[in-house]
Amino acid sequence: MRISTPHRTVLTAAAVLLAVPGTAAAASAAPRHPDDVVRPADPLQPVAALAADRLATADLVAAAKWGTDSPIDDPAREQQVLDTVAAQAQQIGADPDETRRVFRDQIEANKLVQRALFAEWTAHPDRAPTTKPDLSVVRATINRINTDLVRSLADTTPERVSPSCGPELFVAAVEVHHEKHQDLLHTTALARSLAHICRG
């Protein structure tokens, strides 16, 4: 069952506020009326959008693994991803440890979606996928998004260390939620994926 847009918006706000430390207080202190402040384009929107794009692959990964011996938890693959993005970060002068931390969130958010889909398909076999995506093709897409996200994290370092990061990330996540028409599961997972974007 899809959730109506107003309710989804409220859920997005709640989920993101809970996921980003300090955002709730910052949002409560922000002006309440749109005319009270003129906002520039949100610099963290590309980060949130890439996180959402990566999260969208979880449905394909789940469909590829469904009915096979491939587990949702894949420590070897996860370590490979973390090592790769850390190396990419180091090559462009970004913090590899911070990058690992952010991508651990991406991985856990992806698995959150996979587990929920597996539970749904187990309870309702008629909703299970009838075609199986090529996992190697899906992973190639994930690798491309990973590279773009590493660069976007590096490019937004000043914004992510700023005290305004929490509210800006909140706005970015809500914008992405509306643009991509996310359901409750993917909204919750997006919040999980953004937990360590802000350094403060």
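The values are calculated or read from the model by the stated rules, or taken from the named source; none is laboratory data. These figures come from a predicted structure and were not determined experimentally. In this analysis, Cβ positions are derived from the backbone assuming ideal geometry, glycine residues included, and neighbour counts consider all displayed protein chains. All accessible areas refer to the heavy atoms of the entire protein, side chains included, with ligands and DNA or RNA removed. Shrake-Rupley method; radii C 1.70, N 1.55, O 1.52, S 1.80 Å.
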- Task: Please give the number of the condition His181 fails out of (1) on the phi > 0 side of the Ramachandran plot; (2) touching a Ser or Thr at 6+ places or on another chain (Cβ under 7 Å).
- Result: (2)
- Query: Does Ala48 satisfy the condition of being surrounded by 14 or more Cβ atoms within 10 Å (Cβ to Cβ) and over 19 Å from the mean Cα position of the chain (by Cα)?
  - Reply: no
- Message: Can you pull out every residue in the stretch 74-84 that is assigned to a helix (DSSP H, G or I) and either more than 18 Å from Ser136 (Cα to Cα) or of a type in the set (D, E, K, R) (or both)?
- Response: Arg77, Glu78, Asp83
- Residue hits (the stretch 65-102; under 20 Å from Leu117 (Cβ atoms) and among the acidic types (Asp, Glu)) are Asp69, Asp73, Asp74, Glu78
- Message: Being of a type in the set (Ser, Thr, Tyr) and open to solvent by 20 Å² or more (accessible area, probe 1.4 Å) is the filter here; which residues of the stretch 152-200 pass it?
- Response: Thr157, Ser162, Ser164, Thr188
- Restricting attention to the stretch 160-200, which residues are touching a helix residue (DSSP H, G or I) at 6+ places or on another chain (Cβ under 8 Å), in a helix (DSSP H, G or I), within 23 Å of Arg104 (Cβ to Cβ) and β-branched (Val, Ile, Thr)? Val176, Thr187, Thr188
- Message: Pairs needed: first member in the stretch 87-100, touching a residue at least 60 places away in the same chain (Cβ under 8 Å) and over 14 Å from Asp155 (Cα atoms); second member anywhere, small (Gly, Ala, Ser) and surrounded by fewer than 18 Cβ atoms within 10 Å (Cβ to Cβ); C-beta distance under 9 Å; at least 6 residues apart or different chains.
- Response: none
- Of all residues in the stretch 59-118, how many are hydroxyl-bearing (Ser, Thr, Tyr) and surrounded by 18 or more Cβ atoms within 10 Å (Cβ to Cβ)? 1
- Item | Number of positions in the stretch 119-144 that are open to solvent by 70 Å² or more (accessible area, probe 1.4 Å), among the hydroxyl-bearing types (Ser, Thr, Tyr) and either outside any loop (DSSP other than H, G, I, E, B) or in contact with a strand residue (DSSP E or B) (Cβ under 6 Å, 6 or more places away or on another chain) (or both) | 2
